[in-house]
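Derivation of every value follows stated rules applied to the coordinates shown; laboratory data play no part. Note that this is a predicted model, so its numbers are computed, not measured. Note: ideal-geometry Cβ built from the backbone for every residue, glycine included; neighbour counts use all protein chains shown.
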Amino acid sequence: MTTLFTVDDQAPSRSRIRICVECDLVSDVPPLAAGERSRCPRCGHRLATRMFTPIDHTLAYAIAAVIMLALSLSFSFISFSSTGVEQSMHLVDAITVTLEQRYGFLSFCFLVGVLALPFVYLMLVIYLHVSLALDHRPPGGVYIARSLSRMQPWVMADIFIVGVLVSLVKIMSLATISFGPAFWAFCIFSLLLLTTTQSVDRDWLFKRMCGPILTPEPEPGRGALTQGFTSCHACGQPGQVDDHGKGRCQRCGEALHARTKRSVQLTMALVVTSIILYIPSMALPVMVITQFGHPEPQTIIGGVLLLLAHGDYPVALVIFFASVMVPVAKVMALSWLCWKTRRPEPFRPGPRMKLYRLTEFIGRWSMIDVFVVTVLAAMVQLGNLMNIVPGHGVVAFGLVVVLTMIAAMCFDPRLLWDATDLQQTGQRHVAPRTARLSPAPPSSRQEVTR
């Protein structure tokens, strides 16, 4: 049996040095009590969190989420009736119907983001935590733990629920809606999935499987790059890099890069491509609504105006903000941040960092309109009486959302702080040495097992 390591944050150790992956500041993280988390003293990024029971509650949430997902796939999701004709929708209909309509892109987005990826994420979490609960080091556990953080941004069950609610508002005046057992099961699944992602203690997982790695460490209070170090994005372990900014994490084996290669060029290339695709996504219809044999194409702007005409102002604002304003704001923000990285002098990197985080957070919510069209196309299939099929505009819009998300991931926020670090190397003033401590969210406050 492979040996597992005990985790004791109170014991003296040189492994408490952390390098912020967003601003590159080196901090000395003090011993964390259960329920506490440390933040970077310069940019506020969370460096480490210590959960009360890193196995029990995460495992319980994940198992319950899998059960709810199975229930949501076993029963009717939504039923609706119009002029005496009734139809029910199951979750798998969102895949089969859009495939029959030759819109495989919508089927792929729904299958991956709403069903497959959340299920795989939960099963990997269960596999890791069950193995560690049995005092076994799981085969491939390090690679699985590395992949969890990469999967998380593409898990979109919560966005799908919002898209379902918006789609129901759109057709509520045309039909009578009723929720099936699968709808409520999926709502509970979304909450449990979100709780699971927040309860995974990544730092504890790597310490338990790999133990502390005693390597040369940088001096706290200074930028890591100026000392020849960087942080592993997978496990958080500081590591040395060579003159080309490359290295290998001594704990998990992840490739180290002092800065993301061609970060600005890749970001701008994706931004320009998104701008090109944004034009047809607004000009072409995202769906075609057929009532009594008369087709009526509807664009994103047209849908917002129709909701305003019917008095559905909150939903119209949600669609306008998520589908029109967010992509434009995200493109403008990323372009501006890329341009600011070329400035040789440091000037207010803190507000730029907040803008980047906001851009990265809100980008995925633009998928609401894609899921709205998917749900409506799967649910409303009554022949000439009432029929909804996707339009080419929704494919272009979905690509805009995906590309802007990738663009935000390609942008390296540490570039915003490089001028500050270079200026500090020639001055006596340095940033605070010790990370800030703050209590963890109330939902994670339970008794710890060490």
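Of (i) 0.95; (ii) 1.08; (iii) 1.02, which one was derived for Cα Rg over 2.2 N^0.38 Å from the structure shown?
Checking each listed value against the structure points to (ii).
How much length is gained on full extension from residue 243 to residue 143, taking 0.36 nm per residue of separation minus their Cα-Cα distance?
Values: separation 100, 0.36 × 100 = 36.00 nm, distance 2.70 nm.
Contour length minus the Cα-Cα distance gives 33.3 nm.
In 10 Å bins starting at 0, how do the alpha-carbon pair distances of the stretch 240-314 split up by percent?
Reading upward from the zero bin: 15, 22, 19, 14, 15, 13, 3.
Considering only DSSP states other than H, G, I, E and B, which trypsin sites (Lys or Arg not before Pro) in the stretch 275-356 qualify as loop sites with at most 13 other Cβ atoms within 10 Å? It would help to have the intermediate numbers written out before the result.
Working: sites: 330, 340, 342, 352, 354; in loops: 342.
Answer in residue order: 342.
With the dipole of the chain worked out from charges on the C-beta (+1 for Lys and Arg, -1 for Asp and Glu) around the Cα centre, which of 124, 48, 320 lies farthest toward the positive end?
Farthest towards the positive pole: 48.
What value in Å³ per residue do you get for the convex hull of the alpha-carbon atoms in the stretch 159-288?
194
Please work out how much length the chain gains when fully extended from residue 358 to residue 96, using 0.36 nm per residue of separation minus the C-alpha to C-alpha distance, in nm with one decimal.
Difference between extended and current length: 90.8 nm.
Send over the per residue convex hull volume for the stretch 184-230, Cα only, as a whole number of Å³. Mind showing how you got there, number by number?
Details: hull volume 5.8 nm³, N = 47.
It comes to 123 Å³ per residue, whole-number rounded.
Write down the radius of gyration of the stretch 277-332 and its Dmax, each obtained from C-alpha positions, in Å.
Cα only, the stretch 277-332: 12.5, 43 Å (Rg, Dmax).
In the stretch 242-334, which chymotrypsin sites (Phe, Trp or Tyr not before Pro) are in a loop and have at most 16 other Cβ atoms within 10 Å, using DSSP for the loop call?
292
Return the Cα extents of the stretch 239-365 along principal axes one, two and three, sorted largest first, each rounded to a whole Å.
The Cα atoms of the stretch 239-365 stretch 69, 33, 27 Å along the principal axes, largest first.
What lysines could a cross-link reach from residue 261, if we take a straight Cα to Cα line under 16 Å and drop same-chain neighbours fewer than 8 places away?
Answer for residue 261, where 16 Å is the Cα cut-off: 246, listed by chain and number.
Using Cβ-Cβ distances only, list the Cys residues of the chain with no partner cysteine under 4.7 Å, sorted by number.
109, 187, 210, 338, 410
About its Cα centre, what dipole magnitude does the chain give when the only charges are +1 on Lys and Arg Cβ and -1 on Asp and Glu Cβ, stated in debye to the nearest 20? Let's see the in-between values first.
Values: 38 positive and 28 negative charges, 312 e Å.
Computed charge dipole of the chain: roughly 1500 debye.
If I model a spin label at residue 71 and residue 130 as a point 7 Å from the Cα along the Cα→Cβ vector, what separation in nanometres do I get?
Using points 7 Å along Cα→Cβ, the separation is 2.0 nm.
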